[in-house]
Amino acid sequence: MATQDELKQQVAKAAAEYVKGGIIGVGTGSTANFFIDELAKVKSKIDGAVASSEATAQRLRNHGINVLDLNNVGPGEMQIYVDGADEITEHFHMLKGGGGALTREKVVAAVAEKFICICDASKLVPVLGKFPLPVEVLPMARSQVARELVKMGGQPRLRDFTTDNGNVILDVHGLNILDPVAMEAQINQIVGVVTNGLFAARPADVLLLGTADGVKTYTR
Ligand code: 5RP
């Protein structure tokens, strides 16, 4: 039986088949790292990549892949954004940010034409929220935001981590996220929140799921 890492490698390989040229948006995390290694094999086809974190930028550069500034990418120039997720539902709503890169991931994904989510089968869930929801917060606002998150029924815990943007992360436990689109908007309304890890307003377009029976492709 394939290990979790082997499943991640398989979906990374499958995602590389979507690389036809142009500029590629690249996510963050162990699954995204496998994708970067696959992207390196076809790097002559592309003009460059936009990274969703400093760690991803470093790995891309180590492979000799040109890392581009998102500000220089025009509408329609980035065909695909490829990234993992901590949880995903059959509606393609995702919970992300386990690696702490949620804000840049959401920004890069917003520019891409198509979001390709690559996951092993353990990430497919009926309801989001078993994995604690990461919320990136301005450091000065962390106590106030935490109080607001408690009012919503969550139990926020401060992660011992500073984001690439110089902010902190509250991991919110105990949320049963039945309406991810509404909750994404509601948390973003709290003053001091930079982004939350719900990717529901802009869900994935394609899910490549690594299973014991091979890679399954789902399209929204
Ligand atoms: C990082 C993320 C990752 O996509 C998510 O944590 C999944 O990571 P992995 O591929 O290591 O399981 O959102 O901020």
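The values are calculated or read from the model by the stated rules, or taken from the named source; none is laboratory data. All values reported here derive from a predicted model rather than from experimental measurement. Don't worry about glycine lacking a Cβ; one is built from the backbone with ideal geometry, like all the others, and counts go over all protein chains shown. Surface areas here come from the heavy atoms of the whole protein model, side chains and all, with no ligands, DNA or RNA. Shrake-Rupley method; radii C 1.70, N 1.55, O 1.52, S 1.80 Å.
Remarks
- Alpha-carbon centroid distance for the pair the stretch 1-59 / the stretch 130-162, whole angstrom: 30
- Debye, to nearest 20: dipole size of the chain, +1 on Lys, Arg Cβ, -1 on Asp, Glu Cβ: 120
- Relative contact order [Cα under 8 Å, 6+ residues apart], the chain, whole percent: 22
- Rotationally averaged projected area of the stretch 133-197 (alpha carbon convex hull; nm²): 3.9
- Linear extension gain, GLU17 paired with SER143, 0.36 nm per residue minus alpha-carbon span: 40.9 nm
- Taking the stretch 188-207 and a reference point 7 angstrom along Cα→Cβ of THR219, the backbone N atoms nearer than 14 Å belong to 205-207.
- Value at 222 nm in deg cm²/dmol, rounded to 500, when DSSP H runs of n ≥ 4 in the chain each add -39,500 (n - 2.57): -8500 deg cm²/dmol
- Label point at GLU6 placed 7 Å out along Cα→Cβ; residues across the stretch 197-211 whose backbone nitrogen lies under 13 Å: 211
- Projecting the Cα atoms of THR195, THR217, ALA16 onto the charge dipole of the chain (Cβ charges, centred on the Cα centre) puts THR195 farthest toward the positive pole.
- Accessible-area composition of the stretch 133-197, carbon plus sulfur, in percent [1.4 Å probe]: 53
- Farthest toward positive dipole pole in the stretch 81-124 [+1 Lys/Arg, -1 Asp/Glu at C-beta], among GLY97, CYS117, VAL107: VAL107
- Considering only alpha-carbon pairs that sit under 8 angstrom and 6 or more positions apart, the relative contact order computed for the stretch 1-132 is 29 percent.
- Per residue solvent-accessible surface (Å²) - the stretch 133-197, probe of 1.4 Å: 52
- HN-Hα J in Hz across the stretch 25-30 - Karplus 6.51, -1.76, 1.60, θ = phi - 60°, x for Gly and Pro: x, 10, x, 9, x, 5
- About its Cα centre, the dipole of the stretch 133-197 is roughly 240 debye, where the only charges are +1 on Lys and Arg Cβ and -1 on Asp and Glu Cβ.
- Listed residues ALA182, ASN167, ASN71: farthest to the positive end of the dipole of the chain (Cβ charges): ASN167
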